[in-house]
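Below: the structure, in structure tokens.
The values are calculated or read from the model by the stated rules, or taken from the named source; none is laboratory data. The model shown is predicted, which means the values in this text are computed figures rather than measured ones. Here Cβ is always computed from backbone atoms with ideal geometry, including for glycine, and neighbour counts include all displayed protein chains.
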Amino acid sequence: MSTVTVRRGETTRFDMSGWRRRLREYWLTLRLLMKSPPAAAGLIIVLGYLGIVIYDQFFVSHNDIMVPNFSDPFPKAPFWWPGGTAAGGWMGTTYPGIDLGDAVLKAIRIDLIYSTFVVLSGAAVGSLIGVFAGYRGGFFDEALMRVTDVTYSIPFLVFAIAVAFALDRRDFFTINLILLILWWPPYARLVRAQSLSVKELKFVEAARAAGASDAGIMVRHVLPNTLAPVFVQISLDLGVVTQIFAALEFIGFNAGNLFLPELGNLINIGWTSGFRSYPWTILVPGIALLIFTVAVNLLGDGLRDVLDPRARR
């Protein structure tokens with residue numbers, strides 16, 4: 001009994017020390033990230049956008065439809081705009097009488113939630129395929145990588161439009177489903193390349209000699225050591241997917257739902273209203289999209305530098 005107790009105590013101490021080690025690594029990553037002004041600015045802006053998502057999701061009574069005001073449909077300039085009045089509010093209104101500030105907050109929430117879902121799902125599927133292909137090698141590696149190459153070669157914008165018209169479904173759900181189908185190949189190739197080198201390291205050989213199963217080695221030893229570049233790719237892809245949503249909405253992909261709060265849809269409404277007459281209807285959602293895209297790219301570049309082992313010496 002005493003022997004079992006000692007072993008349990010030793011295991012507990014080992015687990016606690018492992019968690020402390022991980023927390024120190026995360027803290028070191030954050031410190032190195034904050035030393036770079038562009039990366040720190042990107043992190044702060046992204047956190048600000050996440051704060052908007054949380055606030056609008058849990059603390060604001062809302063739905064996913066912009067409320068029109070047909071009794072006063074013409075756009076009004078915000079109070080800080082030349083010639084604007086208090087009637088326009090803090091971001092003005094767009095056609096038909098939609099409060100632009102409220103619409104942009106809802107659009108940020110929708111765009112970030114769906115973009116995060118697409119990117120994380122694609123990263124999860126691609127990482128599992130990549131680690132399996134890289135670790136097993138041989139026929140499995142060759143077959144999975146050929147499927148990955150074929151899927152990766154499909155232009156997603158053209159594929160999205162073609163599938164939507166073939167299914168006669170041009171809605172936001174279809175956009176997400178199509179992007180989810182096509183977004184895993186980059187992660188599969190990235191993780192597969194990392195797995196080829198990680199599986200040859202000494203600790204993997206030790207785990208194999210100790211009798212660990214292939215599945216256990218892949219999940220517990222190989223996969224965690226391939227995720228650093230995956231995190232960088234995720235941060236960069238968030239901005240790309242948000243831009244894709246906006247581009248498809250701008251060209252009228254979701255024309256059946258004019259009142260969907262989405263940044264591309266808001267830009268499209270403003271463009272239809274007339275940029276020269278009501279420029280704020282395009283500038284406000286456009287700047288919100290631009291700031292987020294630049295911020296996640298700055299954060300991704302910072303993570304790429306921070307996760308470089310040479311920067312942690």
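No other residue among VAL240, VAL230 is over 23 Å from GLU142 (Cβ atoms), modelled with pLDDT of 85 or more and under 21 Å from the mean Cα position of the chain (by Cα) apart from VAL240. Considering the conditions (1) in contact with a Pro (Cβ under 9 Å, 6 or more places away or on another chain); (2) loosely packed, with under 15 Cβ neighbours inside 10 Å; (3) over 30 Å from ALA246 (Cα atoms), ASP149 is excluded by exactly one of them, (3). The single residue among ASP72, ASP141, ASP111, ASP102 that is acidic (Asp, Glu) and surrounded by 20 or more Cβ atoms within 10 Å (Cβ to Cβ) turns out to be ASP111.
In the set ILE267, ILE291, ILE287, ILE251, only one residue is surrounded by 22 or more Cβ atoms within 10 Å (Cβ to Cβ) and under 24 Å from THR116 (Cα atoms); that residue is ILE267. Condition (residue is of a type in the set (Asp, Glu) and not in a loop (DSSP other than H, G, I, E, B)) applied to segment 80-100: is it met by at least one residue? Yes, that holds for at least one residue. Against the test of being within 27 Å of VAL240 (Cα to Cα), modelled with pLDDT of 85 or more and within 28 Å of the chain's Cα centre (by Cα), the options ILE161, ILE108 yield a single qualifying residue, ILE108. Within segment 98-109, residues that are closer than 7 Å to PRO261 by Cα have Cβ atoms under 8 Å from residues that are of a type in the set (S, T, N, Q) in these pairs: ALA103/THR94; ALA107/ASN265, counting only partners at least 6 apart in sequence or on another chain.
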